[in-house]
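Chemist: Below is a structure I'd like to ask you about.
The values are calculated or read from the model by the stated rules, or taken from the named source; none is laboratory data. Remember, predicted model here, so these are calculated numbers, not experimental data. Because the Cβ atoms are built from the backbone with ideal geometry, glycine has one as well, and the counts that use them run over all protein chains shown.
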Amino acid sequence: MAQNEEVSKNFYDEILPKLSGRKFSRPLYMVHEHNATRLHWDLRLEFDGVLESWALPKEPSLVKGVKRLAIHVEPHPLLYGLWEGTIPKGNYGAGTVKIWDTGTFDTLERSEKKIVVNIKGKKLKGQYVLIKISFVGSNDNWLFFKS
């Protein structure tokens, strides 16, 4: 295990027990505003007991049809979606994390290349789409937009 991964695991071990027992609606939808190396927003949707996560370089749009790049990243533990605070230096993602939006969602469609959800958040409301895009040099890039 790389040193950064080890520190991150220790950080999860520290914060997750503090969140156990908290009640929340499911399936969990949330967006973290994450001021790390660069300010970005982390979209998180609960699938199969974890938070599938996408990093958005720009704030999610409330306007129909405005597309945002969404880079799929590693899944996070479910309880991580309830946390906000500061990730200490030396940890992956070091910086300030705030809950930007939270709520639930209904899955309308889910495949390897397309996810359609009806979001019931405080800010984002309605049908949103994630579509996987492919181009030379891309890894796991998606587009996220309100439809």
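Chemist: Looking only at residues that are at pLDDT 95 or above, touching a Lys or Arg at 6+ places or on another chain (Cβ under 9 Å) and assigned to a loop (DSSP other than H, G, I, E, B) in region 39-76, which one is surrounded by the most Cβ atoms within 10 Å (Cβ to Cβ)?
Modeler: Selected residue: Pro60.
Chemist: While we're looking at this one, here's another question. Please work out which one of (1) out of contact with any Gly (no Cβ under 7 Å at 6 or more places or on another chain); (2) modelled with pLDDT under 95 is the condition Ala36 fails and give its number.
Modeler: Failing condition for Ala36: (1).
Chemist: Which one of Lys120, Lys114, Lys98, Lys146 is modelled with pLDDT of 95 or more, surrounded by 18 or more Cβ atoms within 10 Å (Cβ to Cβ) and basic (Lys, Arg)?
Modeler: Values: Lys120 fails: surrounded by 18 or more Cβ atoms within 10 Å (Cβ to Cβ); Lys114 fails: surrounded by 18 or more Cβ atoms within 10 Å (Cβ to Cβ); Lys98 fails: surrounded by 18 or more Cβ atoms within 10 Å (Cβ to Cβ).
Criteria check complete, one pass: Lys146.
Chemist: Looking at (1) closer than 13 Å to Trp54 by Cβ; (2) aromatic (Phe, Trp, Tyr); (3) more than 14 Å from the chain's Cα centre (by Cα), which is the one condition that is false for Phe144?
Modeler: (3)
Chemist: Let me ask you something else. Please find, among Lys89, Lys67, Lys125, the residue that is over 15 Å from the mean Cα position of the chain (by Cα) and within 17 Å of Ser25 (Cβ to Cβ).
Modeler: On the way: Lys89 fails: within 17 Å of Ser25 (Cβ to Cβ); Lys67 fails: within 17 Å of Ser25 (Cβ to Cβ).
Only one candidate qualifies: Lys125.
For every residue, the table says whether it meets (1) of a type in the set (D, E, K, R); (2) in contact (Cβ under 8 Å) with a residue 60 or more places away in the chain; (3) under 16 Å from His40 (Cβ atoms).
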| site | (1), (2), (3) |
| --- | --- |
| Pro60 | no, yes, yes |
| Val63 | no, yes, no |
| Val66 | no, yes, no |
| His76 | no, no, yes |
| Ala94 | no, no, yes |
| Thr104 | no, yes, no |
| Leu108 | no, no, no |
| Lys114 | yes, no, no |
| Asn118 | no, no, no |
